[in-house]
Amino acid sequence: MSDFEDSLSPQDPEIEYANQDRSVREGYYGTGDTTPPKDHVGVISLVLVLLVGFSSLISVLSLLNVRLFREPEPTELSAPVSFYVSADGVLSAELEPRDPVETEPPSRLEGVNTKIEITASPQSLENTADTPGAISWQDVYEKVLPSVVSITCSDGRSTSSGTGVIMDAGGYIITNAHVVEDAQVIRVLLTDGRELEAKCVGADVLSDLAVLRVGAGGLVPAVFGDSDKLRVGDEVVAIGDPLGVELRGTMTNGIISGINRDIKSGNRTLTLMQTTAALNTGNSGGPLVNCYGQVVGINTMKIGDYASESGVEGLGFAIPITAVQTVLEQLANQGYVAGRPYLGLSGQAISTFYQFYYRMPAGILVTAVDEDSDAAIQGLRRGDILMTLDGKAVTTLDILEEITYASTVGEELEATVYRDGREYTLTLTVGEEKH
């Protein structure tokens, strides 16, 4: 890429003042201007009326829970970037290294084949109170609560929270992948008051599931039910930590309002159960429970956080436990799900500001490359800019992930990379994610 010359800012034209003889200027006499001052009362009154009207509008919208000003999604690079000019005058980018964080690698019980036992569920309920085997919702709560945990994550700059379900007595815990994403420290709070550090054994972005492990005994595993037996209209409850640990152990009730819903989240599509049980931030990863006290789903998302966004309520979604039984067992036993596509690189989208100010191309600034990936073998390195992949412009991380997830293990994708003022073309072979 050739150098660009700095453009010169045009100078403001000089404004000349025409000197006139004060004695002949209209409205001027002796030592002062005799023109009467203008009356601004009307203008001031109009401004005050507009301010009062705008304030009233804001008050009404606030009562209706409408957000006029939403926080924009961050587009700036979250990691410090150093820009330097090489000997031939080319601008390049390099991320400043952060201090490494020493953490123990995820550990699994060697020689143990962890499984989820699906307990046979009776047929769908016509009437909860008259159905043999059903228990009261008070008993459901007391039965399931010891198997529900509170999860707090920290990435070194901020904290987040979620909910988890104890998978078995060996210390394995189920939650959502987005709950523990980028977490450096994960802590689990048990119902009995114990707070333990947890390690992420494995996470699968495509199913939004993760398995953690804590080194503790005396855990109470949940009883899992057959989600394939559910019908629209069945009563269920959700248990978790809406809005954080302060409200931990909250139970909300509802019904199954839809089955096999294909919901697009980011660049992936999940097949989920729809429920009217109230879900909020912090419920993610918690259990959806039937009237027998069996966990039939893992709560994952809701639609309609604000009336201004979608104008809907009561649209919660859970991952059906029977459909992901194999995924959870693979995460617990080997740390990954076989067959998931993986490129082995991570990065940050380059904002429009950086593109114009530093004269950088649109793309993804590579922040890390897995040394075991084909990307590393082909020479891709930290500080490169990935411009295109498989013939498509890569301007956001969503586009990068969409292309990756649409590929298969072993497939070859052509990529265009910018480095030191030049563009290079290379072929990347899609690998299998084992992290």
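The values are calculated or read from the model by the stated rules, or taken from the named source; none is laboratory data. Since the structure is predicted, the reported quantities are computational estimates derived from the model, not experimental observations. Using ideal geometry, Cβ is built from the backbone for each residue, glycine included, and neighbour counts are taken over all protein chains shown. Heads up: the accessible areas ignore ligands, DNA and RNA and are worked out on the full protein's heavy atoms, side chains in. Shrake-Rupley method; radii C 1.70, N 1.55, O 1.52, S 1.80 Å.
Looking across region 404-429, just one residue is modelled with pLDDT under 95 and closer than 13 Å to Leu345 by Cα, and that is Thr404. If the requirement is being closer than 14 Å to Ile174 by Cα and either open to solvent by 50 Å² or more (accessible area, probe 1.4 Å) or small (Gly, Ala, Ser) (or both), which of these qualifies: Val205, Val211? Within the list Val205, Val211, the selection yields Val205.
Number of residues in region 155-181 that are free of Cβ contacts under 8 Å to residues at least 40 places away in the same chain, over 23 Å from Leu279 (Cα atoms) and among the acidic types (Asp, Glu) equals 1. Give the number of residues within region 380-435 that are among the β-branched types (Val, Ile, Thr) and open to solvent by 70 Å² or more (accessible area, probe 1.4 Å). Summing the residues that are among the β-branched types (Val, Ile, Thr) and open to solvent by 70 Å² or more (accessible area, probe 1.4 Å) in region 380-435 gives 3. Among the residues of region 357-379, those that are surrounded by 15 or more Cβ atoms within 10 Å (Cβ to Cβ) and small (Gly, Ala, Ser) comprise Ala362, Gly363, Ser373, Ala375. Per this entry, Ser158 is counted among residues that are under 17 Å from the mean Cα position of the chain (by Cα), open to solvent by 60 Å² or more (accessible area, probe 1.4 Å) and among the small types (Gly, Ala, Ser). Filtering region 327-370 to residues that are in a helix (DSSP H, G or I), farther than 30 Å from Ile116 by Cβ and not β-branched (Val, Ile, Thr) leaves Phe353, Tyr354, Gln355, Phe356, Tyr357.
Kindly indicate the residue of region 220-258 that is open to solvent by 40 Å² or more (accessible area, probe 1.4 Å) and within 24 Å of the chain's Cα centre (by Cα) and also farthest from Ile321 (Cα to Cα) among those meeting that condition. In this case the residue turns out to be Glu246.
Considering only region 186-202, how many residues are open to solvent by 60 Å² or more (accessible area, probe 1.4 Å) and assigned to a strand (DSSP E or B)? Result for region 186-202: 3. Is it the case that some residue within region 164-178 is touching a strand residue (DSSP E or B) at 6+ places or on another chain (Cβ under 7 Å), surrounded by fewer than 18 Cβ atoms within 10 Å (Cβ to Cβ), of a type outside the set (Asp, Glu) and under 30 Å from Arg340 (Cα atoms)? No, because not a single residue in region 164-178 is touching a strand residue (DSSP E or B) at 6+ places or on another chain (Cβ under 7 Å), surrounded by fewer than 18 Cβ atoms within 10 Å (Cβ to Cβ), of a type outside the set (Asp, Glu) and under 30 Å from Arg340 (Cα atoms). Could you list, in sequence order, the residues of region 240-287 that are within 13 Å of Gly297 (Cα to Cα) and touching a helix residue (DSSP H, G or I) at 6+ places or on another chain (Cβ under 6 Å)? If the condition is that a residue be within 13 Å of Gly297 (Cα to Cα) and touching a helix residue (DSSP H, G or I) at 6+ places or on another chain (Cβ under 6 Å), then Ser284, Gly285 are the ones that fit. Yes or no: region 374-389 includes at least one residue that is modelled with pLDDT of 95 or more and touching a helix residue (DSSP H, G or I) at 6+ places or on another chain (Cβ under 7 Å). Checked against the condition, which is being modelled with pLDDT of 95 or more and touching a helix residue (DSSP H, G or I) at 6+ places or on another chain (Cβ under 7 Å), region 374-389 yields at least one hit.
Yes or no, residue by residue, for (1) modelled with pLDDT of 90 or more; (2) part of a loop (DSSP other than H, G, I, E, B); (3) among the small types (Gly, Ala, Ser):
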{"site": "Val232", "(1), (2), (3)": "yes, yes, no"}
{"site": "Glu246", "(1), (2), (3)": "no, no, no"}
{"site": "Thr281", "(1), (2), (3)": "no, yes, no"}
{"site": "Ser284", "(1), (2), (3)": "yes, yes, yes"}
{"site": "Leu288", "(1), (2), (3)": "yes, no, no"}
{"site": "Gly293", "(1), (2), (3)": "yes, yes, yes"}
{"site": "Ile298", "(1), (2), (3)": "yes, no, no"}
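Of Pro106, Pro132, all but one fail to be touching a Lys or Arg at 6+ places or on another chain (Cβ under 8 Å) and either modelled with pLDDT of 95 or more or not hydrophobic (A, V, I, L, M, F, W, C) (or both); the exception is Pro106.
Ala277 meets all of the listed conditions (1) assigned to a strand (DSSP E or B); (2) under 16 Å from Leu145 (Cβ atoms); (3) of a type in the set (A, V, I, L, M, F, W, C); (4) under 23 Å from the mean Cα position of the chain (by Cα) but one, namely (1).
For region 334-356, the set of residues classified as out of contact with any strand residue (DSSP E or B) (no Cβ under 7 Å at 6 or more places or on another chain) and crowded, with 18+ Cβ neighbours inside 10 Å consists of Pro341, Tyr354, listed by residue number. The set of residues in region 414-428 that are touching a residue at least 40 places away in the same chain (Cβ under 8 Å), out of contact with any helix residue (DSSP H, G or I) (no Cβ under 7 Å at 6 or more places or on another chain) and among the hydrophobic types (A, V, I, L, M, F, W, C) contains only Leu426.
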